[in-house]
Amino acid sequence: MPAADPEASGPDAHGESPGEAAAPEDVPVGEPAAPEPAPELQGMADPADGERIAALERDLKEAQDGRLRIAADFDNYRKRARRDADDASRRAREETLFAMLAVADNLERALDHADENNAASIAEGVRLVHRQLLAVLDKFEVRPFESVGAAFNPEEHDAVGQLETADAPGGSVVREMARGYRAGNRVLRPAMVVVARPPAPPEPVDSESSGDGT
């Protein structure tokens with residue numbers, strides 16, 4: 001009796017009968033996967049971002065407007081300051097010139113009566129006008145300063161010559177050709193002066209030359 005083929009009959013090692021098809025593996029059943037968003041929706045911003053952008057744009061515009069207002073205010077201030085400075089300078093100049101007119105009036109009166117009065121009266125009139133002029137200058141803090149006897153100072157004196165003398169120290173002012181004036185503490189015009197120079201030492205006497213005459 002022929003032996004039975006073990007592969008032809010009986011279950012296999014897995015317990016399956018020959019000829020039976022393997023059942024398909026069970027697929028787990030779950031929730032369906034979420035669909036991918038459409039490409040045109042992926043770049044859309046959050047509405048809150050749009051509000052923040054709008055707020056930043058408003059802040060930027062306000063800052064630019066403020067900068068323009070500050071620039072305009074500064075330009076107006078600069079023009080007003082220049083106008084005020086020009087007005088102050090003009091008023092000061094007019095006050096000075098107005099005060100000088102009184103001096104000119106007195107000089108004209110002195111000239112009108114020059115032929116009618118003697119020399120003493122004319123000299124006195126000129127002295128009065130000179131005092132009036134100094135008073136006007138003093139009103140604007142313009143005052144003369146003394147130079148004769150002082151040491152030469154290039155900031156206050158303008159040397160126009162030298163005088164050889166033993167009566168004054170060398171380098172001192174011995175003569176004043178035109179007075180110097182200060183405006184406040186500043187030298188308005190240096191004085192035109194003559195400066196002392198020590199006399200040259202005598203030349204030595206040649207003994208041989210002096211003996212020729214004997």
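Considering the dipole of the stretch 50-140 built from charges on the beta carbon (Lys and Arg +1, Asp and Glu -1) around the Cα centre, which of G125, G66, V103 is farthest to its positive end?
G66
How much length, in nm to one decimal, is gained on full extension between I70 and Q132, taken as 0.36 nm per residue of separation minus their Cα-Cα distance?
Length gained, I70 through Q132: 17.2 nm.
Can you tally the net charge around V142? Count Lys and Arg as +1, Asp and Glu as -1, for every other residue whose Cβ sits under 11 Å from the Cβ of V142.
Net of charged neighbours comes to +3.
Binning at 5 angstrom from zero up to the longest distance, how are the C-alpha pair distances of the stretch 50-140 distributed in percent?
For the stretch 50-140, the binned pair fractions read 2, 12, 11, 9, 8, 7, 7, 5, 5, 5, 4, 5, 4, 4, 3, 3, 2, 2, 1, 1, 0 percent.
Using +1 on the beta carbon of Lys and Arg, -1 on that of Asp and Glu, and nothing else charged, what's the dipole of the stretch 41-163 about the Cα centre, debye to 20?
On the way: 18 positive and 26 negative charges, 48 e Å.
Dipole about the Cα centre, nearest 20: 240 debye.
First select every other residue whose beta carbon is under 13 angstrom from the beta carbon of E94; then total the charges, Lys and Arg +1, Asp and Glu -1.
Residues near E94 contribute 0 overall.
Multiply the residue gap between Y181 and E146 by 0.36 nm, knock off their C-alpha separation, and tell me the result in nm, one decimal place.
11.7 nm
So, counting K/R as plus one and D/E as minus one, what does the shell of residues with Cβ under 15 Å around V160 add up to?
Details: positive: R175, R179, R189, R197; negative: E156, D158, E176.
In short, +1.
Quote to one decimal, in nm, the extra length available between R80 and A200 on full extension: 0.36 nm per residue of separation minus the C-alpha distance between them.
Here the answer is 36.7 nm.
Read the figures in this text as sums done on the coordinates, not as results from a lab. From a predicted model like this one, the values you see are computed outputs, not experimental measurements. In this analysis, Cβ positions are derived from the backbone assuming ideal geometry, glycine residues included, and neighbour counts consider all displayed protein chains.
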